[in-house]
Amino acid sequence: MNDQQVLKVAQAAGLAQEWTDAFGQPQRVAPEALARILDALGYPCASDDQCSDSIARLAGLQGGAGLPPLLTGTVGQPLRLRLPAALAGKAWRIELEDGRQLDGRAPAGDGAGWELPALDAWGYHRLQIGDDNVTLAVAPPACYGVPDALATTGRTAPQAARLWGLGVQLYSLRRPGDGGIGDYSALEALARQAAARGAAAVAISPVHAMFSADVNRFSPYGPSSRLFLNALHIDPAAVLGADALAAVLASLGDAAARYRALEQETLVDWPAAASLRLDILRRLYARLRDTGGNADFDAFRARGGGALADHARFEALHAWRLAQGESGYWRDWPDGLRDPRGPQVEQFAREHADEVGFHEFLQWQAARGLGNAQKAACSAGMPVGLITDLAVGADNGGSQAWSRQGEIINGLSVGAPPDVLNTRGQAWGLGAFSPHAMKAGGFGAYIEMLRAIFAYAGGARIDHVLGLGRLWLVPDGASPQEGAYLQYPMQDLLRLIALESWRHRAVVIGEDLGTVPPGFDVQLAQAGLLGIRVLMFQRDGGRFFRPDEWPAHAIATTTTHDLPTIAGWWQERDIDWRTGLDLLAPGEQESDARARRAHDRAVLWRALCDAGCAQGPVPAKEDGTPVLDAAAGFIAATPAPLAMLPVEDALGLPEQPNLPGTIDTHPNWRRRLPLAVDGLLDEPAVAGRVAALNRNRSYTEKP
């Protein structure tokens, strides 16, 4: 292997050898590691001939004989592109979405630059030139924003739009009859109550489709597919009514008692609750099927088309393989079953039509549930409503990777290099889109995914939004330190996000925490994507930033699901966990961590007092209530267009939903809220924090 040739291939593929870590130190990836990643990308370089071939194929992607299937641009700006020699001097026509046409002729050059006229309407337009038919995805200058959402409700803010919302882990919600898992009906109830108290939005944990045949996999950030929804959040009583649910429970022996017992648990018992729920839903599906079907269901299946059929077939195949004692990992399946549209899969679907239909039914019910929650939020007056969460990837062994093999890289996992929070780095076992395949395929799979995340929401949070520019990819079986950054077509992706956000009237938030490249936040702000600013990180050396020093192009929040709650931070609960699980940073002593926390408590309290949100001496470590009250008022006083208060902080809970770096040693994604959703916001402490948000964040009816 020639190292210099490997570096040439890496450069052509957009794979970086050099990068700067979270501590500001330059790092270099070994050629051997680059070669392994390039091989997974489909550009092997084990020999000079392979290197030459890979470079030639990469060059072909950049400058082939024709135009790519999709080009992105911005309203009001000319579209500059390379003119293939074969198209020089050809007549062209642009057909806009609204039916208008523009005609012209390409210059007679030999492949030099070409400029199409600026278009005054955003949308997916068609360019025809020679034998090429190209989609022109022309985006608004920026994403649909919070002020746009507020304007659609007939209300306006006294100054800039400054709204607030709640954040919740959907599975954690409680309501009588939920069977042990928070569901879409509980979310609908929370949305109505939050709207009545002035909230503009409710942000939820990811609700992507999981693996119905493997109920032990429940991390919302490790889904089977980001194109479909988690069936375990369906409220069975919402399918055919409470009487039908009662009849099904009665037919399942002691199911009613088990259903009630699961509701009382402090942690979600995913295997037990999920198995019972799926059993119930299967019987409800049989009742619906035996009555002759449903026109709405038939229409849903027709709209879902091939993508829905693919997902339902995967679910049925996955369950069948496991039931036969075979591997559920589709890459280990026989060749015929690895081809979603091959004859063996078609035959399986015919022979198991009822099982495939069941999984289509689950998606119909999940879509109804989430859609009803968003309708409830909007009808109750929320300008935004639900904000869904787009995970950074989907499991390499899941439905999306199986059905979209041409676009998702095989053999690499999305992850993160070592940083301040995770000193060992991370590899999440999630598949990533290939930037080269995305371009070659006209970004079809990416647009499909954006439409899925916006379909039943007024906004979306993009997890690890840094991935729009680059992703840290780790070869299967390697340590996170052996990964490298792969460049992505950021401007193309930003334009597609802006275009889809306007088509769906949805705001966009980008989770931009971690090792952030210089200038990245500016690019996000220019594109109208709101970043995220967390109270504990908003500091400069020995002091916390004042509220007026926070940016106006990011949401403000007290914490996230991966960080300590305010009460937990104040009480050092996170240090307790990290000490007990040996997760302290290398060389860090428990005594040092606690001493720094005592100092930070005093510094934070001083900042809260200086902002007029608190007063008096620093509260005791055991008393986090004054800090919680002050923190809510503090984020509300920032210029952020949206201040988000996680329900855990609204309630003053000490435990965080997820502890990064753990799997079974911490109850990740299992904690249930201590109160039922109907009375959640009526608690005096919660009502006080909501009042603090409303004091600084209000909007009025238009005159």
Next on the checklist: Below 18 Å, Cα to Cα, which aspartates and glutamates can Lys8 reach? Residues fewer than 8 away in the same chain don't count.
Outcome noted: Glu18, Glu32, Asp39, Asp48, Asp49, Asp53
Checklist entry - What's the extension gain from Leu322 to Tyr124 if we count 0.36 nm per residue and subtract their Cα-Cα distance? => result 67.0 nm
Item to check | Share of Cα-Cα pairs in segment 71-226 lying beyond 24 Å, as whole percent | outcome: 61
Checklist entry - Tally Lys and Arg at +1 and Asp and Glu at -1 over the other residues with C-beta under 13 Å from the C-beta of Pro68: what net charge comes out? => result 0
Next on the checklist: Please give me the summed charge of the neighbours of Ala286: other residues whose Cβ is under 13 Å from its Cβ, Lys and Arg +1, Asp and Glu -1.
Outcome noted: 0
Checklist outcome for this item: For segment 76-139, shape from the Cα gyration tensor axes a ≥ b ≥ c, cut at a/c of 1.5 then a/b versus b/c, turns out prolate
Item to check | Calculated over segment 3-62: convex hull of Cα atoms, volume per residue (Å³) | outcome: 79
Next on the checklist: Once you keep just the Cα pairs under 8 angstrom separated by 6 or more residues, what percentage relative contact order results for segment 147-213?
Outcome noted: 34
Checklist entry - How about Lys439: which aspartates and glutamates have a C-alpha closer than 15 Å to its C-alpha, ignoring those fewer than 8 places off in the same chain? => result Glu407, Glu448, Asp492
Item to check | Whole-angstrom gap from segment 658-680 to segment 89-153, using each part's C-alpha centre | outcome: 47
Checklist entry - How large is the helix-only mean residue ellipticity at 222 nm for the chain, computed as the sum of -39500 (n - 2.57) over DSSP H runs with n ≥ 4, divided by its residue count, in deg cm²/dmol to the nearest 500? => result -12000 deg cm²/dmol
Checklist entry - Gap in Å between the Cα centre of segment 327-347 and the Cα centre of segment 500-531? => result 38
Next on the checklist: If you scale each eigenvalue of the Cα gyration tensor by 5 and take the root, what three semi-axes come out for segment 418-514, rounded to whole angstrom and sorted largest first?
Outcome noted: 26, 16, 11
Item to check | Gyration tensor verdict on segment 386-425 (Cα atoms; rounded if a/c is under 1.5, prolate if a/b is larger than b/c, oblate otherwise) | outcome: oblate
Checklist entry - For segment 307-397, what is one quarter of the convex hull surface built on the Cα atoms, given in nm²? => result 7.3
Next on the checklist: Please report the spacing between the Cα centers of segment 19-54 and segment 406-478 in Å, no decimals.
Outcome noted: 19
Item to check | Neighbourhood net charge (13 Å Cβ-Cβ; Lys/Arg +1, Asp/Glu -1) for Leu530 | outcome: -1
Checklist entry - Using alpha carbons only, what's the Rg to Rh ratio of the chain with Rh from Kirkwood? => result 0.97
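Computed from the coordinates by the stated procedures, all read-outs in this text should not be read as laboratory data. This structure is a prediction, so every number in the text was calculated from the model and none was measured. Glycine also receives a Cβ, built like all others from the backbone with ideal geometry; neighbour counts cover every protein chain displayed.
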